[in-house]
Amino acid sequence: MLGSNRREERINKIRSYMPLRIIAVTFASFLMAVNINTFVHTGGLLPGGASGLTLLLQEAAGTFLGIKLPYTLINTIINAVPVYIGYRYIGKKFTLLSCYVIVLTSVLADILPSYSVTQDTLLISIFGGLINGFAISLCLLMDATSGGTDFIAIYLSEKRGIDSFSIPLVINACILIAAGLLFNWDKALYSILFQFASTSAVRVIYRKYQQATFFIVTNKPKEICEAISRISNHGATVLEGEGSYEHCERNVVYSVVSGAESGRVIRAVKDADGEAFVNVLKTERVIGRFYQRPTD
């Protein structure tokens, strides 16, 4: 848990320094482009989202019309609507950095050479999906996105107050079903496995829109509440209780914070009261006023 706390602190420092954010998303863009030209092309997969739709249109144009469409042009056009959503409803810096990722990934995908790591489609689907999920998560951690359905997921997460990153999986499944009808069902099914691995990686690494519920048994409720407020800007409720073993009074502090801040909250709680008993539960949904740090 200490390692998780330090990782979150490093991420917050990077977020506050734009040049480091640009370096991080540049590496993520390079990783996504390499993934497209190795795992995705080798396995004949569609990665889902705007990238998958772009590759689907490229293949359809090449197969049925004999036309080779440039990745950069098609991907940029497809991302026009999601970019507008991001600029209008999420944040200007977030959208501009995301546009940088979209354009850089598209250009690198056009100019980088293709390379085959393995011919095993199952391995390609799993590890290619994990690499794709890691690259997307790196962008999200830097307050940017790879474009397409990620804009929609973030918009819905902020509006509905829940983790909506499973919704793009449904949208992508529809795109891949269309690919199966046009081309090959094996390719479509492996692509769904690729997308599932990618979405799973994002949900594990990026936890901003996930919530954690804290039940803290302590003799220092005031200090604990102040620590939670200082770290997460969330309030807490103090409940009065009685210990069943010693029959003495105990205070229980109840609070819900962002999953991305839970590690820092635990550390602050232990600093405030080293004897506190902390129980952390995964929260499925929060209804009501829940503070969410702004993206920009």
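Quick look at the values:
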item	result
Pair list, Cβ < 6 Å and 6+ apart or interchain, from segment 210-221 residues that are over 10 Å from L281 (Cβ atoms) to residues that are among the charged types (D, E, K, R)	Q210/D163; V217/R250; T218/D273; K220/D273
Test: T38 is touching a Phe, Trp or Tyr at 6+ places or on another chain (Cβ under 6 Å), in a helix (DSSP H, G or I) and touching a residue at least 60 places away in the same chain (Cβ under 8 Å)	yes
Qualifying position, being over 30 Å from Y245 (Cβ atoms), of a type in the set (S, T, Y) and outside the structural domain of E242 (by TED's automatic domain parsing), among S198, S229	S198
Meets criteria (in the same structural domain as D271 (by TED's automatic domain parsing) and touching a residue at least 24 places away in the same chain (Cβ under 8 Å)) for Y245	no
Which numbered condition I177 fails, given (1) over 30 Å from G91 (Cα atoms); (2) aliphatic (A, V, I, L, M); (3) crowded, with 19+ Cβ neighbours inside 10 Å	(3)
Identity of the residue in segment 213-235, at pLDDT 85 or above and crowded, with 20+ Cβ neighbours inside 10 Å, that ends up nearest to G49 (Cα to Cα)	F214
Residue within segment 105-116 that is surrounded by 18 or more Cβ atoms within 10 Å (Cβ to Cβ) and either over 17 Å from V40 (Cα atoms) or in contact with an Asp or Glu (Cβ under 9 Å, 6 or more places away or on another chain) (or both) present	no
Selection within segment 189-203 - touching a residue at least 24 places away in the same chain (Cβ under 8 Å) and surrounded by fewer than 21 Cβ atoms within 10 Å (Cβ to Cβ)	L193, F196, A197, S200, A201, R203
Among the residues listed as L53, L96, L123, the single one being in contact (Cβ under 8 Å) with a residue 12 or more places away in the chain and either assigned to a helix (DSSP H, G or I) or in the same structural domain as A173 (by TED's automatic domain parsing) (or both)	L53
Qualifying residue in segment 252-273 (condition: outside the structural domain of F151 (by TED's automatic domain parsing), over 30 Å from I152 (Cα atoms) and touching a Gly at 6+ places or on another chain (Cβ under 9 Å))	yes
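Let's see how each residue does on (1) modelled with pLDDT of 90 or more; (2) β-branched (V, I, T); (3) under 32 Å from the mean Cα position of the chain (by Cα):
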residue	(1), (2), (3)
R207	no, no, yes
Y245	no, no, no
E249	no, no, no
V257	no, yes, yes
S262	no, no, yes
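The values are calculated or read from the model by the stated rules, or taken from the named source; none is laboratory data. These figures come from a predicted structure and were not determined experimentally. No Cβ is skipped: glycine too gets one built from the backbone with ideal geometry, and neighbour counts run over all protein chains shown.
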